[in-house]
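Below: one structure in structure tokens.
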Amino acid sequence: MNTDDTPTAKRDARRSAARFREMLASERRSAALYRGLAASTDGERRQVFLQLADVEDRHAAHWADKLAELGEPVPTPGGVGLRGWVLTQLAKRFSVDAVLPLMERAEHADAGLYDNDPDATADMASGERSHALALTRMRTGGRNEEAEGGRGIARREPWHRSDRSGSLRAAVFGVNDGLVSNTSLVMGFAGSGAASPIVLFAGLAGLLAGAFSMAAGEYISMSSQRESYQHEIELEAEELRDDPQAETEELALIYRAKGLDAEQAERIAVTIMKDKDAALETMAREELGLDPNELGSPWSAAFSSLIAFALGAVVVVLPYAFGSGMAALITAIVLAALALFGVGAALGLINGRSALRGGARQLIVGGAAALIVFGIGHLIGHAVS
């Protein structure tokens, strides 16, 4: 008995055919859209749009072949579609710049469309990612802020001049987490009327539990992220090995979108591709946006998170470590208030906002949380006493 004639096989074939037709129509619409946009511009932009359209045509041909393999008829092209018509009309009436942000968002959303598709080729997966990057380069006018050492970003966002890695931001947020959570915990026990040693023990327990929990979570998160990045780089290495010509074309396309002419872009891409290690590093940076040498350290992230949380959490513990009673409570409240304001001010500066406003907001929000927990602890303490 031929298993291809079973009801299950026929149903799977129908589903595959429907999906192939949908992919074919989508790729054809994209190709028509890129050609419509090419007609609204000139120079290198026009050539980039036409090259993107050619890539979409190759993708469409792949899905047409998949339909033919199933013995299904290949539909005739259906035009640009409603969305494509609107975008091409906007480009004609205003300019391509008016629709580039919309195109860029759509391409970034579809960048991983073929990553886990068993019926797609590796070239199709990398092609979709390169489309999003090419549009981004085109929209930013060819600026490569990574190659400029982040100077473009730094000019617009002074924060990046001092903390491009974001480590200080993460540290401040870690301190904030420890401060707010442990202040609320200590205030809850203090409000219940518990003895000072019990409040101290609760504060220390909250500090240790929170710090190690944060460290463990950060380690797992960073490890997963690093593994994901390494997997992407490994896939890129496979693409370079299996289809170096397609990767060379993609890299040339990226450089053309930066503003280089076709000859320069092709020459640079070919030169880079001669060195396998340099090619992989370049494609990881340009296509994936990753630096293979800076994927992050799980242990470093975990340790930093532990220390940051502990620094915030220890603020309200210190008064009970060296005192007791009402004096310790008042000191803890004053220290917590000052720390909340300071952390809020730091976050405000980091985000380019007013330090005074950020500090006041943090003090109000964190203070309100601590006050609510203090009240709950007071009610529970009276109820059980």
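Bear in mind these aren't lab numbers, they're just calculated from the coordinates by the rules spelled out. Since the model is a prediction, treat every value here as computed from it, not as a measurement. Neighbour counts run over all protein chains shown; Cβ positions are idealised from the backbone, glycine included.
Rg and Dmax of region 312-385, Cα atoms, in Å?
That works out to 14.6, 49 Å for Rg and Dmax.
Same structure again: For the pair Asp65 and Arg226, how long in nm is the line joining their label points, each one 7 Å along Cα→Cβ?
For the pair Asp65/Arg226, the computed spacing is 4.0 nm.
Residue by residue through region 239-253, which ³J(HN,Hα) values in whole Hz follow from phi under the Karplus form 6.51 cos²θ - 1.76 cosθ + 1.60 (θ = phi - 60°), with glycine and proline marked x?
5, 5, 6, 7, 9, x, 5, 5, 5, 5, 5, 5, 5, 4, 5
Additional query: What translational diffusion coefficient, to the nearest whole µm²/s, does region 230-288 have by Stokes-Einstein, given a Kirkwood radius computed over alpha-carbon pairs, a temperature of 20 °C and 1.002 mPa s viscosity?
Taking Rh from Cα pairs, D becomes 191 µm²/s.
Tell me, what ³J(HN,Hα) does each residue in region 328-336 have, in order and in whole Hz, if you take phi through Karplus 6.51 cos²θ - 1.76 cosθ + 1.60 with θ = phi - 60° and put x for Gly and Pro?
5, 5, 5, 4, 4, 5, 5, 5, 5
For Thr282, Thr8, what ranking results if the residue with the fewest other Cβ atoms within 10 Å of its Cβ goes first? Before the final figure, lay out each step's value.
Numbers: Thr282 18, Thr8 8.
So the ranking, lowest neighbour count to highest, is Thr8, Thr282.
Does region 1-122 classify as rounded, prolate or oblate by the C-alpha gyration tensor (a ≥ b ≥ c root eigenvalues; a/c under 1.5 gives rounded; else a/b over b/c gives prolate, otherwise oblate)?
Here region 1-122 falls in the prolate category.
Provide the packing ranking of 47-54, 12-19, i.e. peptides ordered by the mean count of other C-beta atoms within 10 Å per residue, highest first.
Packing order, densest peptide first, comes out as 47-54, 12-19.
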